[in-house]
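Any read-out appearing in this document is the output of simple, stated calculations on the displayed coordinates, not a laboratory observation. Computed from a predicted structure; not experimentally measured. In this analysis, Cβ positions are derived from the backbone assuming ideal geometry, glycine residues included, and neighbour counts consider all displayed protein chains.
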Amino acid sequence: MPEIVPYGDTLGDGMVQLSFTLPAPADARARELGLQFLRNTGFLEPQIVHIAAADRDMTFYVAYARAARGVDPDEITASEVEAPELSFSQINALIERELGRRMVVIGAAIESDAHTVGIDAIMNMKGFAGDYGLERYPWIEAVNLGAQVPCERLVREAQERRADAILVSQVVTQKQVHARQLTKLVDLLEAERLRDRYLLVCGGPRLSNTFAKELGYDAGFGPGSRPSHVAAWMARELVARAAAGEQPQNA
Amino acid sequence: MKLELDSGLVAEARGLADEIAGPVLEFARAHTTVAIERTVARLFGVDGVDDLGVPLPNVLVDALGPRLGKGLAMPLAAACAAGRTPQQVAEAVAAGEPLDDPPEEMLPEARRLAAALAEEADAAILARRAERSRLIEQYGDPPTPWIYVIVATGNIHEDARQAQAAARAGADVVAVIRSTAQSLIDYVPYGETTEGFGGTYATQANFRRVRAALDEVMPEVGRYLRLTNYASGLCMPEIAACGAMERLDMMLNDSMYGILFRDINPQRTFCDQYVSRMVNGRAGIIINTGEDNYLTTAPGHEAGHTVVASNFINRALALAAGIPEPQIGLGHAFEIDPDRPGQLMEEWAIALLIRELFPRCPLKYMPPTKHVTGDIFRTQSLGTLFNLVGVATGQHIQLLSILTEAVHTPFLSDRMLAIQDARRVFEAARPLRDSLQAVPGGPLEQRAQLVLRQAVDLLGQVAEAGMFEAVERGWFADTPRPRDGGRGLEGVAQREPGYANPFLELWEPTLAEAASA
């Protein structure tokens, strides 16, 4: 397949919409400064459509430009988890039939993250957007440790509760702190030689499956992921691993 | 815009809230906490850290050990009798000097010294308060809704710069969001800080830094600029004291937030909220309550009445701590699922209901966060609707919706776009408040009446069960919190005979009068 470029209103026009702030005054040079920045960045035929002073010596731009390069879809693999579309009852039935016991999932927002909204959306009984949370699944034992859980405690609880899967949420981030905290958990599991014992899953608005895998996770769920999506992936994966004899702990 | 409300129901709600507050206050007045005693040290002028970085107020209260129930004031004042300042005593204790109970014959002298130190601190707090009044007179107060924005870089110097930029862009109130884990640490960090997670540590030096930055731009922008921080978590009264000394103008200061959302022990929080509110009341600080958070754990459509019920309870507890209504910034939020049919009408109904129920309180209105996604264009348009409801229902403090909510802490330009939208909507729609009438018996009025009735029912249940029991059963925010669970219980002690706290002795007799101001 040939490269594709962004679509504005004509196939192949390559139009992208941008906004950014430059730390320079919104004076007579501002427009040319913005245009040159876009050319330097590699964009073609930039147009600045809005300039505003965001503060003294700070200029906010809205711009359009043509992309210089496209992308070949054939070279790309999915960054989102390819989870089977299974319903609540199908997931329960799968666990019951293939595993014959409840799947144990332990979840937390770790370290400095005080926000339970992500982990609650997946785990709490009510779930979100009409999709029941893991606690509602009769064949899932869901343990939600809440927010600001130190990695050490999460690992200890996972061992004590003989968890099949560890689910980590990272909502708030600043200067890549979420990546450092997620990495800490992987390092800890590896140091204790426990990494292979669990399905290790993370989720949050800044996470993708690709990024999660780079960090050493089995899967990562980005914004908009629903509890059934996460549950279906975990159930499938656990069943597959059990079949391959890779899940010694609870077998 | 007015609503037909059953005045009998409103009176019933107030009565029930007083009934609920009674036993909570009784509990608070029979106990003290490590944070309350550290507040005494701070107000006596103790600041700084020891060689290991432990704040000196902690060093002193740790030195009390099991004598916490007697309070810090007497041993500390007695140690000052030889002509030392509390700071010098704290430094000596940090160097290993014991902090003994004063002998019987020293008590009158210690009591006199403690009272004098408290009066000195009180005078300093009142001086900062008078300074605020003077500056408001000089620079003027902005029209409501006040435009409230947050800065959260982690670095106080960057925060100061962004606070000034926000003020120039049109902000009336700047809050410096705290580092996310701060509510769970049992001390107030020291000095100016440049590293934080999702925010910047609340320290007295950081307060001073941003206060100075805002004061610097007041002449340029031509209005008084308010500074906000968080007297919540394990150090509620200490943070309030730091804020009182550095002329903060608002403090997040909820009576239950720490319990419900940070799993702080209920006994600890009910004691700490009382004393922290006394300090805030005295300092002229507007408290902001945290009911908006209820709707992040429970569905906004179903849980509106828990917000209203909590507003009544927060108000009753604040009045009892000497905060007058013009300083009680009751909170609520625009958190109903925007894809729900009739969502805007329901938001309008609740915002108007709360406005009508608490006409003298500077209501704090919080933006959509729960149903916000990475679609920044959608978030921006939700923010516009939020601004419309805010101005049309006469909200007082509008925490602006930012288009990158749920994505990252606000960029400079994100904040600018939010302020521009708010100003445009406020100017365009301000006359609506006096132009519209809810259709009698129409859906909006019915919705408001239903929420009020549900709130009164919930208050009735809470009054019957008692506050501790209601919290244990998870009646607020769907979050059960046991009386002996959570963090910080070890820092609570029953007051023993001879317990002395010169600030309570000075302020408690004035609370009723202060609250009626």
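Nearest 10 degrees, 0 to 90: what angle lies between the long axis of helix A:30-41 and the longest principal axis of chain A (Cα atoms)?
For helix A:30-41, the angle is close to 50 degrees.
Spin-label point model (7 Å from Cα, Cβ direction): what's the B:GLN87 to B:VAL439 distance in nm?
Roughly 6.7 nm, to one decimal.
Across peptide B:207-215, what mean number of C-beta atoms from other chains lies inside 10 Å of a residue's C-beta?
Average per residue, whole number: 0.
For A:GLN176 and A:ARG101, calculate 0.36 nm times their separation in residues minus their Cα-Cα distance, and state this gained length in nm to one decimal.
23.2 nm
With point charges of +1 on the Cβ of Lys and Arg and -1 on the Cβ of Asp and Glu, referenced to the Cα centre of the protein assembly as shown, which listed residue (B:PHE207, A:LEU182, B:VAL59) lies farthest in the positive direction of the dipole?
Ranked along the dipole, the leading option is B:PHE207.
For B:ARG208 and A:GLU160, FRET efficiency with R0 = 51 Å and r from the beta-carbon atoms, rounded to 0.05?
Given R0 = 51 Å and the Cβ-Cβ separation, E is 0.65.
How big is the Cα convex hull of region A:88-243 in projection, averaged over all directions, in nm²?
Seen from a random direction, the Cα hull of region A:88-243 projects 8.2 nm² on average.
Explain nothing, just the number: dipole magnitude of the protein assembly as shown about its Cα centre with +1 on each Lys and Arg Cβ and -1 on each Asp and Glu Cβ, in debye rounded to the nearest 20.
In debye, rounded to 20, the protein assembly as shown gives about 720.
In whole Å, what is the distance between the alpha-carbon centres of region A:24-80 and region B:249-269?
When both Cα centres are located, 45 Å separates them.
Give me the compactness ratio for chain B, meaning the Cα radius of gyration over 2.2 N^0.38 Å.
Here the Cα radius of gyration is 0.96 times the empirical estimate.
Multiply the residue gap between A:ARG39 and A:GLN17 by 0.36 nm, knock off their C-alpha separation, and tell me the result in nm, one decimal place.
That pair, A:ARG39 and A:GLN17, stretches by 6.5 nm at full extension.
What order do you get for B:456-462, B:262-268, A:236-242, A:47-53 when each peptide is scored by the mean count of other beta carbon atoms within 10 Å, highest first?
Per-residue Cβ counts within 10 Å, averaged per peptide and sorted highest first, yield B:262-268, B:456-462, A:236-242, A:47-53.
Three principal axis extents, largest first, for the C-alpha atoms of the protein assembly as shown, in Å?
Reported extents, whole Å, longest axis first: 93, 68, 60.
Counting only complete DSSP H runs, which helices of chain B cover 20 Å or more along their long axis at the Cα atoms and score a mean Kyte-Doolittle of -0.5 or above?
Both cut-offs are met by B:7-29, B:107-139, B:204-221, B:300-320, B:343-357, B:376-392, B:412-429, B:443-465.
Tilt of helix A:88-98 relative to the longest C-alpha principal axis of chain A, in degrees (0 to 90, nearest 10)?
For helix A:88-98, the angle is close to 50 degrees.
Over region B:3-112, what relative contact order in percent results from Cα pairs under 8 Å that are six or more residues apart?
Once divided by the residue count of region B:3-112, the mean separation gives 24 percent.
Rounded to the nearest 20 debye, what is the charge dipole size of chain B about its Cα centre when +1 sits on each Lys and Arg Cβ and -1 on each Asp and Glu Cβ?
Roughly 1060 debye for chain B.
About its Cα centre, what dipole magnitude does region A:88-243 give when the only charges are +1 on Lys and Arg Cβ and -1 on Asp and Glu Cβ, stated in debye to the nearest 20?
Roughly 100 debye, rounded to the nearest 20.
Pop the C-beta distance of B:ASP457 and B:ILE185 into the FRET formula with R0 = 35 Å and round what comes out to the nearest 0.05.
0.35
Determine, for each peptide in B:170-182, B:407-419, the mean count of other beta carbons within 10 angstrom over its residues, then list the peptides with the highest first.
Highest-to-lowest ranking by the protection proxy: B:170-182, B:407-419.
Cα centroid distance between region A:91-155 and region A:192-251, in Å?
Comparing the Cα centres of region A:91-155 and region A:192-251, I get a distance of 12 Å.
In nm, to one decimal, how far is the B:ALA517 label point from the B:ASP339 one, both placed 7 Å along Cα→Cβ?
Label-label distance for B:ALA517 and B:ASP339, simple model: 4.9 nm.
Pick from A:ALA219, A:ALA108, A:ALA83: which residue has the top mean-square fluctuation in a GNM of chain A where Cα pairs under 10 Å get a spring?
Fluctuation is largest for A:ALA83.
Take peptide B:406-417, look around each residue's Cβ out to 10 angstrom, count Cβ atoms belonging to other protein chains, and average those counts.
Taking all residues of B:406-417 together, the mean is 5.
Sort A:ASP218, A:ASP187 by Cβ crowding within 10 Å, fewest neighbours at the top.
Ordered from fewest to most neighbouring Cβ atoms within 10 Å, A:ASP218, A:ASP187 come out as A:ASP187, A:ASP218.
If you average the C-alpha positions of region B:88-162 and of region B:1-34 separately, how far apart do those two centres end up, in angstrom?
29 Å
Can you give me the angle between helix A:177-191 and the longest principal axis of chain A, using Cα atoms only, in degrees from 0 to 90, rounded to the nearest 10?
30 degrees
Output the relative contact order of chain B, whole-number percent, from Cα pairs under 8 angstrom with separation of 6+ residues.
Taking the mean separation of contacting Cα pairs over the length of chain B, I get 20 percent.
Taking Cα pairs under 8 Å and at least six residues apart, what relative contact order does region A:1-109 come out at, in percent?
Relative contact order of region A:1-109: 28 percent.
With a 10 Å radius around each residue's Cβ, average the other Cβ atoms per peptide and rank B:158-166, B:393-401, highest first.
In decreasing order of mean packing, B:158-166, B:393-401 become B:393-401, B:158-166.
In nm, to one decimal, how far is the B:HIS301 label point from the B:GLU195 one, both placed 7 Å along Cα→Cβ?
In this crude label model, B:HIS301 to B:GLU195 measures out at 4.7 nm.
Which of B:PHE377, A:PHE88, B:PHE197 comes first, and how do the rest follow, when ranked by fewest Cβ neighbours within 10 Å?
So the residues, fewest neighbours to most, are B:PHE377, A:PHE88, B:PHE197.
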